[in-house]
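Rule-based calculations on the coordinates, nothing more; no lab input. None of the values given here were measured: they were computed from a predicted structure. No Cβ is skipped: glycine too gets one built from the backbone with ideal geometry, and neighbour counts run over all protein chains shown.
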Amino acid sequence: MNVTLLRPWDFHFHPRRGLIMTNVLPFTTRIFAGGVPMPNPKPEILSGHDWQVYLPELQKAGDNPDFRLIGSMKVIDNTTPDMINEAVKCGVEVFKFYPVGTTTGSQTGVSNFYAIFRILHRIHELGKIASFHCELPDIHRRQAEVMFIPTLQDIVDAFPGLRVIVEHASTKDMIEFVQSCPLNVVATLTPQHMWHTYEDVIAEDDITLIDPNNYCKPICNSYADRSAVIMAAISGDPHFFFGSDSAPHYLTMKKGTEVSDVAAGVFNAPVALPVVLQVFETHHALDKLNPFLSVNGLNFYHMKPTPGKLTMIKKSWQVPYEHGGIGLWLGGQTLNWQVGPIT
Ligand SMILES: [Zn+2]
């Protein structure tokens, strides 16, 4: 069996920088029509100028001139409204907010969201996108996303019409929050949050990792949370679209048995689409793949559909354990779908 799709987009991925980028980025650029690279490689993308330096690096490593890149920049406490103007002139569309101390690369970020309202005001004025990693620091990993909802509610209330992306929504409460908002507030959803629950990631002692390659932030949470993510994805609701959050780390960063020793992030670019197909097929929703993988996201970004088609082939295969020293998500497991030809 084959399924032919509109060209999919990955609206949230981490291509990194340097050698690791050369290793991982072609997995994304070969399959997807375009995407949004997150601005937290080392060094980070903190200005329009930084984006202008990063863009040709991405183009070179991606090795596909047709792959379309949407510019992003990270907002930190020191970001000024003038820097937002300058970034927009340099092609930045997405301004990403990480609360300090919540995930990979968030040693810098925003320490008080109420102190950066003038930044949000400028992004709103310019019609650009505010994208949020929604977790509060210093809160148990299972509650961190839900505890961010009041802050998000305040932002949405303060700036009606502001284009907001809740990145990698992982909980039932967050899904319901996004559903309750008008369509200027949307969420990306990942394959791992449709696949795992907390029990697949962390052992009963709440410290030991079951598989470091399953560990991401926000964490895969309860059965009810996973169901809510799946139902949102297969609903066709324009609030929800695909962002893999593919976040490669070398195996050396994934060594260790305790959650505090291991970098958060799942390298899923080689398996993301096969997993999404499998989930949608299980839920009799293959007809909802196009809204989720391309239409909804492109509409939110005010972009036209990308020409061409991608065919997915139903044929089982075993996921390799690693690529170039990077552990693959679901390494060793058998998946039912493979990426086929682009026409
Ligand atoms: Zn991410």
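Give me the percent of DSSP beta bridges within the stretch 2-342 that run antiparallel, rounded to the nearest 5. Beta bridges within the stretch 2-342, antiparallel portion: roughly 35 percent.
Could you compute the FRET efficiency for Leu19 and Gln107, with r as their C-beta to C-beta distance and R0 at 30 Å, rounded to 0.05? Using R0 = 30 Å, I get an efficiency of 0.85.
Over the chain, dividing the summed -39,500 (n - 2.57) contributions of all DSSP H runs of at least 4 residues by the number of residues returns a 222 nm mean residue ellipticity of -8000 deg cm²/dmol. Counting neighbouring beta carbons within 10 Å and listing from fewest to most, the residues Ile210, Ile175, Ile202 come out as Ile210, Ile202, Ile175. Projecting the Cα positions of Gln52, Ala285, Ala158 onto the charge dipole of the chain (unit charges on Cβ atoms of Lys, Arg, Asp and Glu, taken about the Cα centre) puts Gln52 furthest along the positive direction. Stretching the chain fully between Glu199 and Met147 yields a gain of 16.6 nm (0.36 nm per residue, less the alpha carbon separation). Legend: ranking of residues Trp317, Trp329, Trp337 from fewest to most surrounding C-beta atoms inside 10 Å; resulting order Trp317, Trp337, Trp329.
Shown is the FRET efficiency for Asp66 and Thr311, computed with R0 = 25 Å from the Cβ-Cβ distance and rounded to the nearest 0.05: 0.90.
Note on the stretch 152-234: the alpha carbon radius of gyration divided by the globular reference 2.2 N^0.38 Å gives 1.21. For the stretch 303-310, the Karplus equation 6.51 cos²θ - 1.76 cosθ + 1.60, evaluated at θ = phi - 60°, returns couplings of 10, 7, x, 7, x, x, 9, 10 Hz by residue, with Gly and Pro reported as x.
Projecting label points 7 angstrom from Cα along Cα→Cβ for Asn85 and Asp138 puts them 3.6 nm apart. The ranking of Phe177, Phe242, Phe159 by Cβ neighbour count inside 10 Å, starting from the fewest, reads Phe159, Phe177, Phe242. How many angstrom lie between the Cα centre of the stretch 197-223 and the Cα centre of the stretch 1-54? Spelled out, the Cα-based centre of one part sits 26 Å from the other. Please compute the contact order of the stretch 2-342 in relative form: average sequence separation of alpha-carbon pairs under 8 Å and at least six residues apart, divided by the residue count, as a percent. Normalised by residue count, the contact order of the stretch 2-342 is 18 percent.
Size of the chain: Rg and Dmax of its alpha carbons, in Å, are 18.5, 54. Among the GluC sites (Glu not before Pro) in the stretch 199-272, those located in a DSSP loop and surrounded by at most 11 other Cβ atoms within 10 Å of their own Cβ are Glu204. Across the stretch 181-297 the C-alpha pair distances fall into 5 Å bins from zero in the proportions 2, 12, 21, 21, 18, 13, 8, 5, 1 percent.
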